[in-house]
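Read the structure below first, then the notes.
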Amino acid sequence: MMMNNMKVKKGLFRIYIVLSIMWSAFFLLAMVESAFVTRGVGLDDLYLIIMATLPVPLYFVLKWISDGFK
C-alpha cells in the first residue's frame, strides 16, 4: 500500500510541474510581449514576473505539506 501511495504522490507532483511550466511560460510570454510594446519596465511587468515565478515557492509549500503526511 505504501508503494502505491508514493507512485500517486510522484505522479501528482509531475502533473504539477507540467502545469507550472505552462503557467510560467504564459506569463513570461506576456511579459516579453509587454516589454516589446511599451519599451520599458513598469508595474505591469513586475506583476507578470511575480505571476511567472509563483509556482516555485508553491511547489516547496506543497512538498512540505505532503511530507507532513508521512
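Things to note:
- Candidate aspartates and glutamates - alpha carbon under 18 Å from residue 7, same-chain residues fewer than 8 apart omitted: 67
- With the highest mean first, a sort of the peptides 5-11, 49-55, 20-26 on other beta-carbon atoms found within 10 angstrom per residue produces 49-55, 20-26, 5-11.
- Value at 222 nm in deg cm²/dmol, rounded to 500, when DSSP H runs of n ≥ 4 in the chain each add -39,500 (n - 2.57): -30000 deg cm²/dmol
- One chain, two ends: residue 37 and residue 20. Fully extended at 0.36 nm per residue, the span grows by 3.6 nm beyond their Cα-Cα distance.
- Extents of the chain, largest first, come to 56, 18, 8 Å (Cα atoms, principal axes, whole angstrom).
- Label-to-label distance for residue 60 and residue 45 is 2.6 nm, based on points extended 7 Å past Cα in the beta-carbon direction.
We did not get these values from a lab; they are worked out from the coordinates using the rules stated. Fair warning: this is a prediction, and the values are worked out from it, not measured in the lab. Positions of Cβ are backbone-derived with ideal geometry, glycine not excepted, and every protein chain shown enters the neighbour counts.
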